[in-house]
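Q: Below: one structure in structure tokens.
The values are calculated or read from the model by the stated rules, or taken from the named source; none is laboratory data. Source: prediction; values computed, not measured. We place every Cβ from the backbone using ideal geometry, glycine too, and count neighbours over all the protein chains shown.
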Amino acid sequence: MRILISGQHGQVSSELQKRLKVLGELVVPGRDQLDLAQPEQIRRQVRHVRPDLIINAAAYTAVDKAESDAAAAFVVNAQAPGILAEEAAALGIPLIQYSTDYVFDGRKGAPYTETDATNPLGVYGQSKLAGEQAITAVQGKHLILRTSWVYSAHGHNFLLTMQRLLQEKPELRIVADQIGAPTWAGTIANSTLALIERWQAGETGAWGTYHLTAQGETSWFGFAQAIGEALREQGKPCANLLPITTSDYPTPATRPLNSRLDCSRLQREWGVSQPDWQTALRECLAGQA
Ligand SMILES: NC(=O)c1ccc[n+]([C@@H]2O[C@H](COP(=O)([O-])OP(=O)(O)OC[C@H]3O[C@@H](n4cnc5c(N)ncnc54)[C@H](OP(=O)(O)O)[C@@H]3O)[C@@H](O)[C@H]2O)c1
């Protein structure tokens, strides 16, 4: 099997590259060869590679920057997935796309299911939702996997920022009223591998949109506490943590207060589930050591 993966250096892409080698040949072009802002290049690459599966792990992920850069966010997050879906459908192959908890407004008092109404609060969420809609409109085989609060041992993410700041500062103020599930990119890659294996084995569930996050929930403050505890266990310095509210920490993009995603449909339809976020965090940290 030949798999085309976009987003060479991204968090999820890097973890996919480690795990999906067992399936066959991975083609992972750099941005110079597959720029999602260039529609014709996307079509050329897909037709040249002729993959058996496309995984779009690239995205415009700068949530705050997107507020003042909407056109660029929409080209990468909305237009490009639609083109990938068209090319995948023309080849009769599946497309796996990642999406986000930010398609919801966070006002629901419970975890979101796939059938809940979307209502993104910012440009990033709007552009990712438009990407979902572009893929769905093509009506080809696809999985849209909505995830949340992604971190890994590489890249730009909350884990690495906290590990640095907790050791540099005496005190840190962290938002405690946004709740969700921190999800290790390795968990996303493990579940993606399991989904592809089910498909290969002919045990395919329904194509469509699914929620895929770590199990359990916490706040950014709770996540920071867990990162701090791990630092202390390693004998490293760790700042005092103070809980604050979202309104104490204004950002250009409004974030949903409730980012919890109910992942039971993925378990039901495909038999794929994720570990709880604390277990995944420990595994990620063990890989860092
Ligand atoms: N990060 C999160 O907290 C989060 C939460 C929910 C959902 N998601 C979704 O999960 C998926 C994976 O995210 P991630 O955290 O792995 O993202 P990431 O680490 O920010 O990586 C994004 C990747 O996209 C690539 N990219 C950006 N613009 C591109 C373009 N025009 N052409 C080609 N490649 C381009 C980047 O390339 P360069 O390396 O060249 O910059 C990078 O490799 C995305 O769909 C994202 O929307 C992420």
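Q: Can you tell me which condition ASN240 does not meet? The list is (1) closer than 30 Å to GLY24 by Cα; (2) surrounded by fewer than 16 Cβ atoms within 10 Å (Cβ to Cβ); (3) modelled with pLDDT of 95 or more, and all the others hold.
A: (1)
Q: Would you please list the contacts, defined by Cβ atoms under 6 Å and residues six or more apart or on different chains, that run from a residue in region 142-159 that is among the hydroxyl-bearing types (Ser, Thr, Tyr) to a residue that is in a loop (DSSP other than H, G, I, E, B) and near the ligand (Cβ under 8 Å from one of its atoms)?
A: TYR151/ASN157
Q: Residues being modelled with pLDDT of 95 or more and not in a helix (DSSP H, G or I): count how many of those fall in region 256-289.
A: Qualifying residue count for the region: 14.
Q: Given (1) outside any strand (DSSP E or B); (2) without any contact (Cβ under 8 Å) to a residue 60 or more places away in the chain; (3) within 11 Å of the ligand (Cβ to nearest atom), identify the lone condition not met by ALA134.
A: It is condition (3) that ALA134 fails.
Q: Follow-up question, since we're still on this one. Among the listed residues THR61, THR115, identify the single one that is without any contact (Cβ under 8 Å) to a residue 12 or more places away in the chain and either buried (at least 20 other Cβ atoms within 10 Å of the Cβ) or assigned to a loop (DSSP other than H, G, I, E, B) (or both).
A: Selected residue: THR115, the only one of THR61, THR115 that is without any contact (Cβ under 8 Å) to a residue 12 or more places away in the chain and either buried (at least 20 other Cβ atoms within 10 Å of the Cβ) or assigned to a loop (DSSP other than H, G, I, E, B) (or both).
Q: Consider region 144-177. How many of its residues are out of contact with any Pro (no Cβ under 7 Å at 6 or more places or on another chain) and either closer than 22 Å to ALA110 by Cβ or not in a helix (DSSP H, G or I) (or both)?
A: 19
Q: Please work out which one of (1) in a helix (DSSP H, G or I); (2) over 16 Å from GLY208 (Cβ atoms); (3) within 11 Å of the ligand (Cβ to nearest atom) is the condition ARG47 fails and give its number.
A: With (1) in a helix (DSSP H, G or I); (2) over 16 Å from GLY208 (Cβ atoms); (3) within 11 Å of the ligand (Cβ to nearest atom) applied to ARG47, the lone miss is (3).
Q: Follow-up. Among the residues of region 93-110, how many are in a loop (DSSP other than H, G, I, E, B) and either surrounded by fewer than 17 Cβ atoms within 10 Å (Cβ to Cβ) or out of contact with any His (no Cβ under 8 Å at 6 or more places or on another chain) (or both)?
A: Of the residues in that region, 8 qualify.
Q: Determine whether region 172-182 contains at least one residue that is out of contact with any helix residue (DSSP H, G or I) (no Cβ under 7 Å at 6 or more places or on another chain), within 12 Å of the ligand (Cβ to nearest atom) and under 25 Å from LYS65 (Cα atoms).
A: No, the conditions are met nowhere in region 172-182.
Q: Among (1) modelled with pLDDT of 95 or more; (2) at positive phi, there is one condition THR209 misses while meeting the rest; what is its number?
A: So THR209 meets the others, but not (2).
Q: Right, another one. What pairs come up if the first residue lies in region 6-35 and is at negative phi and part of a helix (DSSP H, G or I), the second is crowded, with 17+ Cβ neighbours inside 10 Å and modelled with pLDDT under 95, and their beta carbons are under 6 Å apart, counting only those six or more places apart or on different chains?
A: Taking only residues 6 or more apart or on different chains, the pairs are GLN11/GLY155; SER13/GLY7.
Q: Among the residues of region 18-33, write down those that are more than 6 Å from the ligand (Cβ to nearest atom) and under 26 Å from PHE74 (Cα atoms).
A: Within region 18-33, VAL27, VAL28, PRO29, GLY30, ASP32, GLN33 meet the criteria.
Q: Which is more than 12 Å from the ligand (Cβ to nearest atom) and of a type in the set (Lys, Arg), of LYS128, LYS141?
A: Unique residue meeting the criteria: LYS141.
Q: Within region 85-95, is even one residue under 17 Å from the mean Cα position of the chain (by Cα) and near the ligand (Cβ under 8 Å from one of its atoms)?
A: no
Q: If a residue must be touching a residue at least 60 places away in the same chain (Cβ under 8 Å), part of a strand (DSSP E or B) and buried (at least 19 other Cβ atoms within 10 Å of the Cβ), how many such residues does region 194-223 contain?
A: Residues meeting the conditions: 3.
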